[in-house]
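Some notes on the structure that comes next.
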Amino acid sequence: MTAHSKKIENVLRLDASARCDYFVRKVADFEVVWGLFDTGWATASAGATIAVPFWPEQEFAALCATAEWQGFQPKAIALEDFLARWLPGMEQDQRICLVFSTPTDRGSLLHPKDLDDLIRQELQQYE
C-alpha cells in the first residue's frame, strides 16, 4: 500500500466533524475546493433543501462519483471564487454545503455563511 493510499484510508476513517476540520485546513492550504461536475454540478437532497457536495482534494471527490453521481468528474473551484461567488450564491439560492461526504458517510451539512466563516478563520492564521 502506498503512503498516499494509506493517507486516504486514514482520512476516510475520520468522523464527519473531523473530516470537516480536515476540509477547512486543506482548502486554506491549497486554495482550491473540489466538486463533482457532469452537465452540471452534483447536488444531493437534504430534506427539502438542495445540498452541494464539496471535497478538499480531487481523490476524495473521485471516490464519491458513484450511484447518483456516476459519470461525474472532479472539478476544481478556486478558493477565491468559492468564497466570493459560490457561497454567497448558494446562500441566495437557499442551498447548503455538504462537506466531505465519503462513499459510506454523508458528511457535514453546513450553511454557506458558516462554512465561509470557518475557512476565513483558518486563512487568518496564514497572514
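Could you grab the relative contact order for region 16-124? Cα pairs under 8 Å, six or more apart, rounded to a whole percent.
Values: 188 pairs, mean separation 35.9, N = 109.
So the answer I get is 33 percent.
Report the net charge of residues surrounding A84, where surrounding means a beta-carbon distance below 13 angstrom and charges are Lys +1, Arg +1, Asp -1, Glu -1.
-3
Set the Förster distance to 22 Å, then compute FRET efficiency between E91 and Q124 from the Cβ-Cβ distance, nearest 0.05.
Efficiency, from the Cβ-Cβ distance: 0.60.
Which residue, chosen from F23, P103, F37, occupies the Cα position most advanced towards the positive end of the dipole of the chain, where the dipole is computed from +1 (Lys, Arg) and -1 (Asp, Glu) charges on Cβ about the Cα centre?
Checking the options against the dipole of the chain, the answer is P103.
Taking the chain, how many lysine pairs are there with alpha carbons less than 19 Å apart, if each pair must be eight or more places apart or span two chains?
Taking the Cα cut-off of 19 Å, the pair count is 4.
Please compute the modelled spin-label separation between E59 and D15, points set 7 Å along Cα→Cβ, answer in nm with one decimal.
2.5
Using the Cα gyration tensor of region 16-124, with a ≥ b ≥ c the square roots of its eigenvalues, what is the shape: rounded (a/c below 1.5), prolate (a/b larger than b/c) or oblate (neither)? Before the final figure, lay out each step's value.
On the way: a/c = 1.42, a/b = 1.23, b/c = 1.15.
Judged from the Cα gyration tensor, region 16-124 comes out rounded (a/c under 1.5).
Each reported figure results from applying straightforward, stated rules to the coordinates on display, with no laboratory input. Small disclaimer: the values here were computed from a predicted structure and weren't measured. Cβ coordinates were reconstructed from backbone atoms using ideal geometry, including for glycine residues, and neighbour counts include every protein chain displayed.
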